[in-house]
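The values are calculated or read from the model by the stated rules, or taken from the named source; none is laboratory data. Source: prediction; values computed, not measured. Neighbour counts are summed over all protein chains in view; Cβ atoms, including those assigned to glycine, are modelled from backbone coordinates with ideal geometry. We work out accessible area using only protein heavy atoms, side chains counted, and drop any ligands, DNA or RNA first. Shrake-Rupley method; radii C 1.70, N 1.55, O 1.52, S 1.80 Å.
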Amino acid sequence: MKCLGLGMIALGVLLLGNTSATASPRLGVAVLRPDSTGCVTFRGEPRRTGDHLLLFLFSPPRVVDGVIRGRPTGSCHEGGEAQGESYSLVLRYAISQADEIGVAVYDPSARAEYSDGEFIVRTEGARAPLRLRQCASQEGLHLTAWRDNRRTWHEYWYLGFDLEPNCSDEEARE
């Protein structure tokens, strides 16, 4: 098992606050930009300005954090395919030279580590950890969350160019 760093905080012991949280964290799709900004889409209950998020990126594997700053003028996805409410965010640190797609997690109790190609996220009150994965299909990314070997969340992000598919049938099914 490999712990990843988050700024100067060790990811293996990252605890975001003392606030009690539900056993199922809120998950969304994030587009992160090199200028330390981004856009995230969540389904369900609206997020609030100031909500602190963990953002899981898969290539290379790392976790960054950011804060919701409000609503953007449009959708996070230029193709308009993302379902849910979009929010603009600002990252604590710049991440790379190009846009990146990742999984956003809102849960103040979240702790994470990386092992065997997936992030393992433990949250207060959960009987089993959540496992976050990303795989490629012909022209997009499948972002998934698993608990007890059962897929509990899935989002597809169309990229519009050819990729080398590496998803299992279970990861890519709708």
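Nearest 20 debye, what's the magnitude of the dipole of segment 80-145 about its Cα centre given +1 on Lys and Arg Cβ and -1 on Asp and Glu Cβ? Working shown, then result.
Numbers: 6 positive and 10 negative charges, 67 e Å.
The dipole of segment 80-145 has a size of about 320 debye.
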Measure of exposure for Glu85: accessible area at 1.4 Å probe, Å² rounded to 10, is 80
accessible surface per residue for segment 109-174, probe 1.4 Å, DNA/RNA/ligands not counted, whole Å² -> 54
Rounded to the angstrom and largest first, Cα extents along the principal axes for segment 44-147 equal 38, 34, 27
Quick calc: nm separation of the 7 Å Cα→Cβ label points for Thr37 and Ile120 -> 3.8
Counting only residues 5 or more apart in sequence or on a different chain, those whose built amide H sits under 5 Å from that of Ser109 are Glu124
